[in-house]
Amino acid sequence: MQTIHSIAELQTVLGNERAAKKRIAFVPTMGNLHEGHIQLIHQANRNADITVASIFVNPLQFGVNEDLDTYPRTLQDDQEKLINADCDYLFAPQLEDMYPNGQVIQTLVEVPGISQLHCGVTRPIFFRGIATVVCKLFGIVRPDVAIFGEKDFQQLMVIRRMTEDLFLPVEIQGAPIARAENGLALSSRNSYLNEAEMQIAPLLNRTIREAIGKLEAGQRDYSEVQANAQQQLEAAGFKPDYFNICRRYDLQPAQPDDKELVLVAAAYLGKARLIDNYVIDL
Ligand code: PAF
């Protein structure tokens, strides 16, 4: 695997691959890679001739009191994992290269509507930062296909909508959530959990599955299911952010006769903000 820091060099190398008729898959990340990321690389390998991963901790998607400064930067470890996963290129740009005009005077990509819901309520600039950096990365890498984890269900919807609205010539694929044996969705931010919190964390997943069980059993008072779940999380030591039963196609609150749903949840536990979701067809 070749690690490339410069945009110009990456574009030359990928231009040669494209000239040789190679199909390019892209996995954007912020590093501190775990098994979930590695599964994205495997999916990329299955779908293209060349796999490019990126590692860039994007300041534009962090709010003022969030963890930009402490976000784990583990480039060497990440490189080893990517080599073992048969990734072809790692693009690891510098901040000044991604934002040559600074972060204030900057073209922004807004995906209205969907970006204001759920995570967008407590993190109002989050999805704008993501859409902007992913759009830039697509412009640099020009992938045929890009892979994103379904753990970030709302992020995946924002990126699909952006790609559709801007007619970006890239196929967007979701990849199933990778979980620990106890059900905890794998996340770079799980490394913020101490041992005691690690024991509590899988309860987020268990609470979602219990709520799904209630919906499968015919419960249609969604407000009650949501409120009970939040209480259960609070009692275990979480600070729930949201626990919402939604229509899958637009993430608006589900109505009793909607069939294709997704249950999305986020909760703080110690220094970590955990998110998870389950889709369900009624
Ligand atoms: O999911 C992530 O790791 C980030 O939001 C992404 C897509 C790499 C953009 O910075």
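The values are calculated or read from the model by the stated rules, or taken from the named source; none is laboratory data. Keep in mind that what you see is a predicted model, and the values were worked out from it rather than measured. In this analysis, Cβ positions are derived from the backbone assuming ideal geometry, glycine residues included, and neighbour counts consider all displayed protein chains. All accessible areas refer to the heavy atoms of the entire protein, side chains included, with ligands and DNA or RNA removed. Shrake-Rupley method; radii C 1.70, N 1.55, O 1.52, S 1.80 Å.
Phe26: within 13 Å of the ligand (Cβ to nearest atom), among the aromatic types (Phe, Trp, Tyr) and surrounded by 21 or more Cβ atoms within 10 Å (Cβ to Cβ), yes or no? Reasoning before the result, please.
Details: within 13 Å of the ligand (Cβ to nearest atom): yes; among the aromatic types (Phe, Trp, Tyr): yes; surrounded by 21 or more Cβ atoms within 10 Å (Cβ to Cβ): yes.
In short, yes.
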Flagged pairs (Cβ under 6 angstrom, 6 or more apart or on separate chains; first in segment 189-200, in a helix (DSSP H, G or I); second open to solvent by 40 Å² or more (accessible area, probe 1.4 Å)) are Tyr192/Lys271; Glu197/Gly270; Ile200/Gly237
Flagged in segment 246-282 as in a loop (DSSP other than H, G, I, E, B) and charged (D, E, K, R), in numbering order, are Arg248, Asp250, Asp257, Asp258, Lys259, Lys271
Scanning segment 139-182 residue by residue, those without any contact (Cβ under 8 Å) to a residue 24 or more places away in the chain, within 19 Å of Gln39 (Cβ to Cβ) and not charged (D, E, K, R) turn out to be Leu156, Ala180, Asn182
Subset of segment 142-192, residues of a type in the set (A, V, I, L, M) and open to solvent by 30 Å² or more (accessible area, probe 1.4 Å), comes to Met157, Leu166, Leu168, Ile177, Ala180, Leu186
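Can you say whether Asp69 is farther than 25 Å from Arg179 by Cβ and free of Cβ contacts under 8 Å to residues at least 40 places away in the same chain, as far as the supplied structure shows? Spell out how you get there, then give the answer.
On the way: farther than 25 Å from Arg179 by Cβ: yes; free of Cβ contacts under 8 Å to residues at least 40 places away in the same chain: yes.
For Asp69, the condition - farther than 25 Å from Arg179 by Cβ and free of Cβ contacts under 8 Å to residues at least 40 places away in the same chain - is met.
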Quick count over segment 208-244, residues being aliphatic (A, V, I, L, M) and touching a residue at least 60 places away in the same chain (Cβ under 8 Å), is 3
Filtering segment 131-180 down to residues that are of a type in the set (Lys, Arg) and within 11 Å of the ligand (Cβ to nearest atom) yields Lys136, Lys151
Going through segment 201-257 in order, the residues found to be among the aromatic types (Phe, Trp, Tyr) and buried (at least 19 other Cβ atoms within 10 Å of the Cβ) are Tyr222, Phe238, Phe243
